[in-house]
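Engineer: The following block contains the structure, expressed as structure tokens.
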Amino acid sequence: MRAMTYRGPFRVRVETKPDPEILHPNDAIVRVTRAAICGSDIHLYHGLMADTRVGQTFGHEFIGVVEEVGPEVDNLKAGDKVLVPFNVCCGTCYFCSRGLYGNCHNTNPNATAVGGIYGYSHTCGGYDGGQAEYVRVPFANFGPTIIPDDIDDDDALMLTDALPTGYHAAQMGDIQEGQTVVIFGAGPVGIYAARCAWLMGAGRVIVTDHLDYRLEFVSRYGPAETINFTHLKDPVVYFKKITDFVGPDVCIDAVGCDASGSMLQALAGFHLKLQAGNAVALHWAINSVRKGGTVVIIGAYGPPYNLVPIGSAMNKGLTIHANQAPVKRQLPRLFEHIRNGYIKPSEIITHRFPLEDIAEAYRVFTSKLDGCIKPIVMPTAA
Ligand SMILES: NC(=O)c1ccc[n+]([C@@H]2O[C@H](COP(=O)([O-])OP(=O)(O)OC[C@H]3O[C@@H](n4cnc5c(N)ncnc54)[C@H](O)[C@@H]3O)[C@@H](O)[C@H]2O)c1
Ligand SMILES: [Zn+2]
Ligand SMILES: [Zn+2]
């Protein structure tokens, strides 16, 4: 089959690889019809995720058609159209049975932190992902979800990660009626978090980024107030000022370890390698939020450590909520929100590339060229 492969930082290409096979009675093979590139893939592409191995196929956001199932799979059959949540999870371990599907104990040998994630380094289990013609899907009785007839393919693709993640970010904010929510990052995750914050009862939603085209999009799609942080002397002082010098109730970091906005953080992270990437958005979130407020870390970090003002978090009495989003848990409610017209997830898709042009797709997305918000890739046969 043809599949995206990682060759080292900033280098990806499409290669011919052996077709995946059923390795366990609970596996399925899915023929991919659409895959997306995520902000999380940028961390891999930049070489910021530990144990990302040459030859791995990325792609944790994909939908497709079941091609073959192992003898113990009874929830799916060949020909079913499925969306596959990015978490590889068993559905039955201590963590899965509590709905913590991002923390499954059975799908990753390094499971002390994260569970398995498709196409996301050996730190996350070493699974090949869906930016390919075919994928092996383990625990196929649990993860893959049949796409309902009234949910279209592009919307279903956004349900494999980006939308449930934005929704989860808003949910983890424990937003109370009328509260002010500031979101750092106007990528797909931040955009959906802004939209979903209203569903949780927010009274005011503000998004910051340095890309005006994304701020313009979220100002309509959220809707949200927006501010370009490069126009500010100090974003923390600004967010204090516009909230009566108290600070927002909830701050959501939807940026993660590839942030811009601090030379010092960049020097420590990207050049001296004293930390894993750049944590300035989290820094701003902790310092901006009001005392006793909530900080949500939905942007991805580490496992290696980052320079964040943990003393401020402690002394301000903050609640910090963080995790990989448990996609499967969010799906029933999100199907309803799509049906009711509260949200049309596919509206954030800006680009479509043939799988063969994946290197170009990564370049456009990671460099934020051509107004790109969310690119998807399609295998030729799809
Ligand atoms: N926890 C999860 O389950 C989960 C799932 C998906 C994605 N993620 C993470 O969420 C983050 C966002 O994903 P995405 O797909 O939206 O990525 P993206 O790269 O498209 O968006 C990130 C945005 O942050 C902006 N930004 C950079 N520095 C900033 C700063 N200091 N302040 C404010 N904005 C800044 C960028 O310009 C960009 O628009 C990534 O870290 C990704 O790994 C987490
Ligand atoms: Zn993703
Ligand atoms: Zn599990």
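Bear in mind these aren't lab numbers, they're just calculated from the coordinates by the rules spelled out. From a predicted model like this one, the values you see are computed outputs, not experimental measurements. Here the Cβ positions follow ideal geometry from the backbone for every residue, glycine too, while neighbour counts run over all protein chains shown.
Engineer: Once you sort the root eigenvalues of the Cα gyration tensor of the range 9-112 as a ≥ b ≥ c, which label holds: rounded (a/c under 1.5), prolate (a/b larger than b/c) or oblate (the other case)? Show your work: numbers first, answer last.
Structural biologist: Working: a/c = 1.87, a/b = 1.20, b/c = 1.56.
Verdict is oblate for the range 9-112.
Engineer: Under a 10 Å cutoff between Cα atoms, tell me which one of ILE63, ILE349, ILE151 has the largest fluctuation in the Gaussian network model of the chain.
Structural biologist: The residue with the greatest mean-square fluctuation here is ILE151.
Engineer: Here is a further query. Mind ordering 125-138, 102-115 by average Cβ neighbours within 10 Å, highest first? Intermediate results must be reported in sequence, preceding the final value.
Structural biologist: On the way: 125-138: 24.8, 102-115: 19.4.
Top of the packing list down: 125-138, 102-115.
Engineer: Here is a further query. Tell me, ASP154, ASP244 in order of fewest to most beta-carbon neighbours within 10 Å?
Structural biologist: Working: ASP154 19, ASP244 9.
Lowest to highest Cβ neighbour count: ASP244, ASP154.
Engineer: For the pairs LYS241/LYS291; LYS240/LYS368; LYS241/LYS273; LYS291/LYS374; LYS240/LYS374, flag any whose C-alpha to C-alpha distance is greater than 23 Å. Can you show the working numbers first?
Structural biologist: On the way: LYS241/LYS291 15 Å; LYS240/LYS368 29 Å; LYS241/LYS273 34 Å; LYS291/LYS374 35 Å; LYS240/LYS374 31 Å.
With Cα atoms farther than 23 Å apart: LYS240/LYS368; LYS241/LYS273; LYS291/LYS374; LYS240/LYS374.
Engineer: Where is the GNM fluctuation largest for the chain (alpha-carbon springs, 10 angstrom cutoff): LEU318, LEU264, LEU355?
Structural biologist: Judging by the Gaussian network model, the answer is LEU264.
Engineer: Now a separate question. What does the highest-first list of 226-237, 161-172, 28-39, 139-150 look like by mean Cβ count within 10 Å? Don't skip to the end; give the middle numbers.
Structural biologist: On the way: 226-237: 15.2, 161-172: 27.1, 28-39: 25.2, 139-150: 18.8.
Top to bottom by mean Cβ count within 10 Å: 161-172, 28-39, 139-150, 226-237.
Engineer: Fewest Cβ neighbours within 10 Å first, please rank MET200, MET378 accordingly.
Structural biologist: Details: MET200 19, MET378 16.
With the sparsest Cβ surroundings first, the list reads MET378, MET200.
Engineer: Still on this structure: Of all alpha-carbon pairs in the chain, indicate the percentage at a distance above 28 angstrom. Write out the running numbers ahead of the final one.
Structural biologist: Values: 30049 of 72771 pairs.
Tail fraction, whole percent: 41.
Engineer: Just to verify a number: FRET efficiency for LYS241 and ALA78, C-beta to C-beta distance, R0 = 41 Å, to 0.05? It would help to have the intermediate numbers written out before the result.
Structural biologist: Working: r = 59 Å, r/R0 = 1.45.
Taking R0 as 41 Å, the efficiency between LYS241 and ALA78 is 0.10.
Engineer: Under 1.5 on a/c is rounded, so check that first for the range 80-155, then, if it is not, pick prolate when a/b is larger than b/c and oblate when it is not; a ≥ b ≥ c are the square roots of the alpha carbon gyration tensor eigenvalues. Walk me through the numbers before you get to the answer.
Structural biologist: Working: a/c = 2.41, a/b = 1.42, b/c = 1.70.
In terms of gyration-tensor shape, oblate.
Engineer: Let me ask another. Please provide three numbers in whole Å: the alpha-carbon extents of the range 290-382 along the principal axes, with the largest listed first.
Structural biologist: 55, 36, 23
Engineer: Still on this structure, please answer the following. Quick one: PHE270, PHE62, PHE239, fewest Cβ neighbours within 10 Å first, how do they rank? Walk me through the numbers before you get to the answer.
Structural biologist: Values: PHE270 16, PHE62 29, PHE239 26.
If I rank by nearby Cβ atoms, fewest first, I get PHE270, PHE239, PHE62.
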